[in-house]
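Q: Shown below is the structure under consideration.
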Amino acid sequence: MDGINGAGEIGDGRVPGHGPGTARSAALAGAAGRISGASVRERITRAADRLASRRVRLMEVCGTHTMAIFRHGIRGLLPDCVRLISGPGCPVCVTDDSYIDAAVSLGLDGKVTLATFGDMMRVPGSRGSLQDARSRGADVHVVYSCADALDMAAKAPSRQVVFLAVGFETTAPTIAATVIRARNDGIRNFSILAAHKLIPPAMAAVLDGGTALDGFIAPGHVSVVIGSDAYLPLAAKYRVPIVVTGFEADDILEGVAMLLEQIADGRAAVENQYVRVVRPGGNPAARRAMEEVFEPSDASWRGLGVIPDSGLRLRREFTDFDAGRRFGVAMAPAPPPKGCRCGDVLKGAIDPPECPMFGKSCDPARPKGPCMVSSEGSCAAHYRYGRVKPGSGS
Amino acid sequence: MCLSIPAKLLEIEGLRARADVGGNVVRVDLSLLPDAKPGEYVLVHAGFALDRYQPGEAERILGYFQEMGMIPADAGDEAGTGIGTDREAGARPG
C-alpha cells in the first residue's frame with residue numbers, strides 16, 4: 001500500500017478545477033492503482049457542468065467509505081463545487097458515553113467477564129475506557145465475533161460472560177444468531193449489553209436536524225444485510241438521492257457520478273452502484289434473525305441525541321439475555337468531554353480541523369473523542385490523511 | 001465498522017465452516033447463509049458469512065482491502081477467532 005506509483009498514472013484524466021495538493025492526493029490514489037475509470041470522472045465533470053455553479057454536499061455514512069475517500073484522495077479528484085461530508089458512519093463513534101460508563105462499571109464490579117470488539121477498548125467514557133478498567137482489574141476480553149464470547153461462556157459455566165453488542169445492521173444479525181444459539185443450547189451464563197444502531201433512521205435524523213445535504217453515499221456492507229430497497233422510504237420522504245456504493249476508488253467515484261447525475265436531472269431515487277454485491281432485498285436470513293431477536297427502540301447517538309426507533313433492544317422472549325436486566329445496569333447520561341466537538345463532526349456541521357482540540361489535545365495516540373479513537377472515525381481519517389491537502393475539498 | 005472480508009469456504013460441518021482468507025484458514029459461522037456450499041466465496045463479518053461473492057470479485061476485494069491496510073496481508077489465524085494476529089485491531093463492529 002506504500003508503493004506509490006506517482007500521479008502520472010491518472011494525471012491526464014483529472015477533473016479540472018481542484019485545489020492545491022492534488023498531486024499528492026493523486027499519488028495516494030495511484031498507490032492503490034484502482035482509479036482507471038476516466039469515463040467515470042468525465043461523467044462527474046459533465047454532471048458538475050450541468051449543475052453550473054451550484055454547490056453540492058454529499059454525505060457518506062460508512063466508516064469504510066470515510067477511510068477509502070481519504071486514502072485515495074477522492075476529495076481532491078472532485079470538482080470544487082462537490083463537497084463530501086463524513087456522517088455518523090462509525091458505530092464506535094456514535095456510542096454514547098453512558099454506554100461506555102455502564103460497561104466500565106459492570107467490569108469493575110468484578111462479577112462478570114466482558115467480551116468486546118477491539119475498537120471499543122480505547123473509547124473514553126466519563127470514568128475512563130474499557131482498557132483503563134482492565135488495567136484496574138476488570139476482566140475484559142477482546143473477541144472477533146460474538147460467537148467467540150458464547151464459546152467462552154460455554155467453556156466456563158460458572159462465569160457470567162457479557163458481550164458488548166454494538167454495531168450497525170451489518171453486525172446486529174451476527175449477535176442475533178448468537179443469542180438464538182445461546183437459547184437453543186441452554187447457555188445461561190451469557191448475555192449482551194445491546195447498543196445497536198440503525199443507519200436509515202440516522203440518515204433521516206441528519207436531515208431532520210437541519211444539515212443541508214444533496215445526496216447520500218449509502219453504505220455497502222450495511223446494505224448487504226438490509227438491501228438497497230431499505231432506503232426507498234427515505235428517498236421518497238426527503239426527496240434525497242441515495243446511491244449504495246462499493247469501496248474501491250472507482251466505486252466511490254461512480255457513486256458520486258450517479259448522485260450528481262440524479263441531482264442534475266432533478267431526481268431523488270435509490271440507485272445501487274454496488275450491484276456486484278448488494279441486492280434489493282438484502283440477506284433475508286440475516287434480517288429474519290435480527291427481527292426474531294430484536295425490536296426497534298429509541299437510541300441515544302453521540303452528537304445526534306435520541307433518535308426514535310434508531311436502535312435495537314431484545315424482544316421480550318429474549319430478555320433473559322439482557323445484561324442490563326440481569327445485572328441492573330443503569331445508563332446515566334454523561335456530558336461529552338469539555339471542548340470535544342465530535343457531535344458537530346458527526347452531523348457534518350464542522351470538519352474535524354475546526355474542533356479546537358483536533359491535533360492538539362486530541363490525536364490518535366491520546367484520543368479524547370470517539371471520532372479520533374476509531375480508525376474509521378472522521379477525525380482519525382482527517383488526522384492520518386486529510387492534512388496532505390489542507391482546506392480543500394472538505 | 002462494517003468491514004467484511006472475502007473467504008473461500010473449504011469444508012462445512014452443519015453451520016460451521018472452515019474457510020480460506022488470503023491463504024489462512026479461519027472459522028466461519030453459516031447461520032446467516034445456511035445454503036452456502038464448499039468452494040463458494042462469501043463475505044465474512046465478525047465471524048459470520050453474510051453473502052456470496054462472485055469468484056473474481058472476492059479475490060479483487062481481498063487484494064484491495066489488504067492494499068488499503070484495512071486488513072493484514074496475512075489475514076486470518078488458525079484459531080479462527082479473528083482476522084490476523086493483532087486481534088484488537090482486527091475486531092471491529094459495524
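The values are calculated or read from the model by the stated rules, or taken from the named source; none is laboratory data. Predicted model only: the values in this text are computed from it and were never measured. Cβ coordinates were reconstructed from backbone atoms using ideal geometry, including for glycine residues, and neighbour counts include every protein chain displayed. Note: areas computed on protein heavy atoms with side chains; ligands, DNA, RNA excluded. Shrake-Rupley method; radii C 1.70, N 1.55, O 1.52, S 1.80 Å.
Q: Across the residues of B:37-47, average count of Cβ atoms on other protein chains within 10 Å?
A: 4
Q: Once phi is turned into θ = phi - 60°, what whole-Hz ³J(HN,Hα) does the Karplus curve with 6.51, -1.76 and 1.60 give for every residue of region A:185-193, x standing for Gly and Pro?
A: So the J values, rounded to whole Hz, are 8, x, 8, 8, 9, 10, 8, 10, 9.
Q: Would you grab the residues whose amide H sits under 5 Å from the one on residue A:306? Only those 5+ places off in sequence or on another chain, please, with H modelled 1.01 Å from N.
A: A:301
Q: Separate question: Assuming R0 = 41 Å, can you tell me the calculated FRET efficiency for the pair residue A:295 and residue A:159, based on Cβ-Cβ distance, to the nearest 0.05?
A: The pair residue A:295/residue A:159 has a calculated efficiency of 0.90.
Q: What is the interface area between chains A and B, defined as buried accessible area summed over both chains with a 1.4 Å probe, reported in Å² to the nearest 100?
A: 3900
Q: Can you tell which of A:368, A:197, A:237 shows the greatest fluctuation in a Gaussian network model of chain A with Cα springs below 10 Å?
A: So, out of A:368, A:197, A:237, the one fluctuating most is A:237.
Q: How far apart, in nm, are two points set 7 Å out from the Cα along the Cα-to-Cβ line at residue B:20 and at residue A:361?
A: Label at residue B:20, label at residue A:361, 5.3 nm between them.
Q: Could you order A:60, A:291 by accessible surface area, starting with the largest, using a probe radius of 1.4 Å?
A: Per-residue accessible area, sorted high to low, gives A:291, A:60.
Q: Counting only the backbone N, which residues of region A:298-337 are under 17 Å from the spot 7 Å out from the Cα of residue A:126 toward its beta-carbon?
A: Of the residues in region A:298-337, A:300-306, A:329-337 have backbone N under 17 Å from the label point off residue A:126.
Q: Give me a single rounded figure for A:114-126: the average over its residues of other chain Cβ atoms within 10 Å of their Cβ.
A: 3
Q: Run the 1.4 Å probe and let me know the accessible area of residue B:53, rounded to the nearest 10 Å².
A: Residue B:53 has an accessible surface of roughly 10 Å² with all protein chains in place.
Q: Could I ask something else about it? Under unit Cβ charges (Lys, Arg +1; Asp, Glu -1), what dipole magnitude, rounded to 20 debye, does region A:205-259 have relative to its Cα centre?
A: 300
Q: For chain A, modelled as a Gaussian network with Cα springs under 10 Å, which listed residue fluctuates most, A:351, A:101, A:185?
A: For chain A, modelled as a Gaussian network with Cα springs under 10 Å, the answer is A:185.
Q: Please find, in a Gaussian network model of chain A (springs between Cα atoms separated by less than 10 Å), the residue of A:173, A:88, A:353 whose mean-square fluctuation is greatest.
A: Top of the fluctuation ranking is A:353.
Q: May I pose another question? Take the alpha-carbon centre of region A:94-133, take the same for region A:161-209, and report the distance between them in whole Å.
A: Cα centres, region A:94-133 to region A:161-209: 16 Å.
Q: Taking R0 as 41 Å, what's the FRET efficiency between residue B:13 and residue A:111 from their Cβ-Cβ distance, rounded to 0.05?
A: 0.70
Q: Follow-up. Collect residues whose amide H, placed 1.01 Å from N in the peptide plane, falls under 5 Å from the amide H of residue B:16; neighbours closer than 5 in sequence don't count.
A: Hits under the 5 Å cutoff: B:30.
Q: So the label point goes 7 Å from the Cα of residue A:384 along Cα→C-beta, right? Which residues of region A:78-103 then have their backbone N under 18 Å from it?
A: Counting only backbone N, you get A:86-94.
Q: Averaged across A:165-175, how many Cβ atoms of other chains sit within 10 Å of each residue's Cβ atom?
A: On the way: counts 1, 2, 7, 4, 2, 11, 9, 2, 6, 12, 3.
Counting Cβ atoms of other protein chains within 10 Å of each residue's Cβ and averaging gives 5.
Q: Residues of region A:281-303 that become at least 20 Å² less accessible with every protein chain present than in their own chain isolated, using 1.4 Å: which are they?
A: Correct list: A:283, A:285.
Q: So, R0 is 41 Å and r is the distance between the beta-carbons of residue A:332 and residue A:237; what FRET efficiency does that work out to, to 0.05? Each step should come with its number before you reach the end.
A: Values: r = 34 Å, r/R0 = 0.83.
Efficiency for this residue pair is about 0.75.
Q: Give me D for region A:125-202 in µm² s⁻¹, whole number, from Stokes-Einstein with Rh from the Kirkwood sum over alpha-carbon pairs, 20 °C and 1.002 mPa s.
A: The calculation lands on 157 µm²/s.
Q: For region A:257-394, rounded, prolate or oblate, judged on the Cα gyration tensor with a ≥ b ≥ c (square roots of eigenvalues), a/c < 1.5 rounded, else prolate if a/b > b/c? Write out the running numbers ahead of the final one.
A: On the way: a/c = 2.31, a/b = 1.14, b/c = 2.03.
Note, shape of region A:257-394 comes out oblate.
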